[in-house]
Amino acid sequence: MKIVLLGAPGAGKGTVAKLLSDDDGSVQISTGDILRAEVKARSPLGEEARAYMDRGDLVPDDLILKMMEERLQRPDCDKGFILDGFPRTLQQAEALDRLLERLGIRLDLVVNLDVPKDVILDRLTTRRTCANPDCQEIYNVKSKPPTADGKCTKCGSPVVQRADETEEAILFRLETYNRKTAPLIGFYEKDGRLRNFSSISSRETVEEIRKALRTG
Ligand code: AP5
């Protein structure tokens, strides 16, 4: 499958992407996960991105586009990909269309996860993430807790709260989403590529996405 996942912070993009990638080996490409790994490694890209991310702002388009142009041409994308958190601005969406055209790739579907704001706020304040950059399993203290001593059930690394999960940063991320990313819904709606999914159950959403992919 070749799909884009759109949705506000906390809508469940990462959770849905992981479930879908188990289906057929399509690779989950999360720009947030890639950037957090760069920050942890203190790479030049990570050093530049850190301040934007910590306050909940978007990292500049030119940095993201350079990173994604390289990522989408790696051989593991041949099996399919799930773009989680990219594109996030109109400029990124237009650049993605140009890149895919150049590579001769057609998107199967653009998924919009449409989840109410109160559900999102609750999820973000209760989310925890595996600190191992190669794992990054997502937990939730209410719906999917880590082990009793706060370790990842998959790799045993500590499970932590992200730096952009303060109340201030969460509100800023939601505001940034409304201003810069929500317009992408109209961008993809106008040429018929977008489908809305509003279930608050990730498993139900994944079932509906599978059905949409089968029926075209
Ligand atoms: P990113 O990591 O992409 O963060 P985000 O979009 O804010 O999305 P989240 O990861 O917060 O949420 P999600 O929708 O994946 O939800 P999840 O599945 O975790 O980006 C971080 C930062 O990087 C950005 O702020 C920006 O600075 C930068 N960045 C990234 N991409 C960029 C780009 N393209 N351009 C510029 N800058 C970029 O679920 C949330 C919680 O809810 C979890 O605890 C989960 O367990 C729980 N949950 C999910 N679904 C359910 C359910 N159905 N029922 C119960 N609990 C659930």
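Counting just the residues of the range 33-42 that are part of a helix (DSSP H, G or I) and more than 6 Å from the ligand (Cβ to nearest atom), which one comes out most open to solvent (accessible area, probe 1.4 Å)?
LYS40
Need pairs with beta-carbon distance below 8 Å; first residue more than 16 Å from SER143 (Cα to Cα) and within the range 112-128, second of a type in the set (D, E, K, R) and open to solvent by less than 60 Å² (accessible area, probe 1.4 Å); sequence gap 6+ or separate chains.
LEU113/LYS13
Restricting to the range 3-32, name every residue that is among the charged types (D, E, K, R) and either surrounded by fewer than 18 Cβ atoms within 10 Å (Cβ to Cβ) or within 22 Å of LYS117 (Cβ to Cβ) (or both). Write out each step before concluding.
Going through the range 3-32, the residues among the charged types (D, E, K, R) turn out to be 13, 18, 22-24.
Answer for the range 3-32, where residues must be among the charged types (D, E, K, R) and either surrounded by fewer than 18 Cβ atoms within 10 Å (Cβ to Cβ) or within 22 Å of LYS117 (Cβ to Cβ) (or both): LYS13, ASP22, ASP23, ASP24.
Among the candidates ALA148, ALA163, which residue alone is closer than 25 Å to ALA51 by Cα, of a type in the set (A, V, I, L, M) and not in a helix (DSSP H, G or I)?
ALA163 is the lone residue from the list that is closer than 25 Å to ALA51 by Cα, of a type in the set (A, V, I, L, M) and not in a helix (DSSP H, G or I).
Taking ILE82 and the conditions (1) part of a helix (DSSP H, G or I); (2) of a type outside the set (Lys, Arg); (3) modelled with pLDDT of 95 or more, which numbered condition does it fall short on, given that it satisfies the others?
For ILE82, the exception is condition (1).
Could you list, in sequence order, all residues of the range 49-65 that are within 18 Å of ALA37 (Cβ to Cβ), without any contact (Cβ under 8 Å) to a residue 60 or more places away in the chain and either within 6 Å of the ligand (Cβ to nearest atom) or part of a loop (DSSP other than H, G, I, E, B) (or both)?
If the condition is that a residue be within 18 Å of ALA37 (Cβ to Cβ), without any contact (Cβ under 8 Å) to a residue 60 or more places away in the chain and either within 6 Å of the ligand (Cβ to nearest atom) or part of a loop (DSSP other than H, G, I, E, B) (or both), then TYR52, VAL59, ILE64 are the ones that fit.
I need the full set of residues from the range 101-111 which are closer than 15 Å to LEU6 by Cα and open to solvent by 10 Å² or more (accessible area, probe 1.4 Å), in order please.
LEU107, ASP108, LEU109
Checking PRO116 against (1) open to solvent by 60 Å² or more (accessible area, probe 1.4 Å); (2) at pLDDT 95 or above; (3) closer than 23 Å to ARG210 by Cα, which test does it fail?
Evaluating PRO116 over (1) open to solvent by 60 Å² or more (accessible area, probe 1.4 Å); (2) at pLDDT 95 or above; (3) closer than 23 Å to ARG210 by Cα leaves (2) as the failure.
Restricting the first residue to the range 190-201 and requiring it to be within 14 Å of THR215 (Cα to Cα), which pairs with a second residue that is open to solvent by 80 Å² or more (accessible area, probe 1.4 Å) and more than 11 Å from the ligand (Cβ to nearest atom) meet a Cβ separation below 8 Å and a spacing of at least six or different chains?
Once the first residue is within 14 Å of THR215 (Cα to Cα) and sits in the range 190-201, no partner that is open to solvent by 80 Å² or more (accessible area, probe 1.4 Å) and more than 11 Å from the ligand (Cβ to nearest atom) comes close enough.
Would you pick out the residues in the range 68-100 that are open to solvent by 20 Å² or more (accessible area, probe 1.4 Å) and within 9 Å of the ligand (Cβ to nearest atom)?
Result: ARG88, single match.
Which numbered condition in (1) exposed (fewer than 14 other Cβ atoms within 10 Å of the Cβ); (2) in contact with a Pro (Cβ under 6 Å, 6 or more places away or on another chain) is the only one that GLU168 fails?
Every listed condition holds for GLU168 apart from (2).
Given the structure, is LEU103 in contact with a Leu (Cβ under 8 Å, 6 or more places away or on another chain), away from the ligand (no atom under 14 Å from the Cβ) and of a type outside the set (Val, Ile, Thr)? I'd like the intermediate steps shown before the answer.
Working: in contact with a Leu (Cβ under 8 Å, 6 or more places away or on another chain): yes; away from the ligand (no atom under 14 Å from the Cβ): yes; of a type outside the set (Val, Ile, Thr): yes.
In short, yes.
For the range 122-144, check the following and say yes or no: at least one residue is near the ligand (Cβ under 10 Å from one of its atoms), polar (S, T, N, Q) and closer than 20 Å to THR31 by Cα.
yes
Say we look at the range 189-216 and pick out the residues that are away from the ligand (no atom under 16 Å from the Cβ) and not in a helix (DSSP H, G or I); which of these is least open to solvent (accessible area, probe 1.4 Å)?
The selected residue is LEU194.
What residue, among those in the range 136-165 that are over 21 Å from ALA17 (Cα atoms) and of a type in the set (Ser, Thr, Tyr), is least open to solvent (accessible area, probe 1.4 Å)?
Here the residue is SER157.
The values are calculated or read from the model by the stated rules, or taken from the named source; none is laboratory data. Worth saying up front: this structure is predicted, and the values here are computed from it rather than measured. Note that we place each Cβ from the backbone using ideal geometry, even for glycine, and neighbour counts take in every protein chain shown. Note: accessible area is taken over every heavy atom of the protein model, side chains too, but ligands, DNA and RNA are not part of it. Shrake-Rupley method; radii C 1.70, N 1.55, O 1.52, S 1.80 Å.
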